[in-house]
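Here is the structure we will look at, set down as structure tokens.
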Amino acid sequence: MQVGKDTVVTLSYRLTTLQGELIEEATQDQPAAYLHGGYDGIFPKVEAALEGQAVGAEADVMLEPEDAFGDYDAELVRMEEADLFPPEVEVGMQFEGASEDGQHYMLYTVTDIADGKVVVDGNHPLAGQTLRVQCRVVGVRSALPEEVEHGHVHGPEGHQHH
Ligand code: ZN
């Protein structure tokens, strides 16, 4: 069976920085699964590389920031009063908050604390980075109708909400 629209693809993969630093991996024994066909289950560029492939196929894909977590946007860095935060606030903590325009929720990471101010950065921690995905197709099957309806994989490697 080939990877195509509405197939469930099981992968082993390594996601690394360009310098080879490991960010995330799934081994052959504990692979990850996604629903193929534009459901946002995986980076679109990796999905494109796997289209039409079969079990055993390997892909090695470079992701520019715009193909991964976006360019770094200096305007997403904000300075807030420290008393808006819990007293145990420290660098590296993450908070959900409204975006500047109040239109949606964003994840902010605390990057500095000084003089009663807390600096938070709304960029994804991997924004601006070129990443590399090396993956191998471990399995391909047809998606179940309710997986297509939900837009994600069910079962041991996917969502379990039955
Ligand atoms: Zn579901």
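The values are calculated or read from the model by the stated rules, or taken from the named source; none is laboratory data. Note that this is a predicted model, so its numbers are computed, not measured. Reconstructed Cβ throughout: ideal geometry from the backbone, glycine too, with neighbour counts over all protein chains shown. Ligands, DNA and RNA are excluded from the accessible area calculation, which covers all protein heavy atoms including side chains. Shrake-Rupley method; radii C 1.70, N 1.55, O 1.52, S 1.80 Å.
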Please report the relative contact order for the chain, taking Cα pairs under 8 Å with a sequence separation of at least 6, and give it as a percent rounded to a whole number. 35 percent
The percentage of the accessible area of the range 74-121 (probe 1.4 Å, all protein chains present) made up of carbon and sulfur atoms, to the nearest whole number, is 51 percent
Among Gly97, Gly70, Gly38, the residue with the largest mean-square fluctuation in a Gaussian network model of the chain built from Cα contacts under 10 Å is Gly97
Taking Rh as the Kirkwood radius computed over alpha-carbon pairs of the range 43-112 and applying Stokes-Einstein at 37 °C with viscosity 0.692 mPa s, one gets a diffusion coefficient in µm² s⁻¹ of 209 µm²/s
For the chain, the fraction of alpha-carbon pairs in successive 10 Å shells from zero, as %: 10, 30, 28, 22, 9, 1, 0
So, with +1 on the Cβ of K and R and -1 on the Cβ of D and E, and no other charges, what is the size of the charge dipole of the range 74-121 about its Cα centre, to the nearest 20 debye? 60 debye
Only Cα pairs within less than 10 Å get springs; with that Gaussian network setup on the chain, which residue of His124, His36, His150 has the largest fluctuation? His150
What number, in nm² with one decimal, is the all-direction average of the projected area of the convex hull of the alpha-carbon atoms of the range 74-121? 3.2 nm²
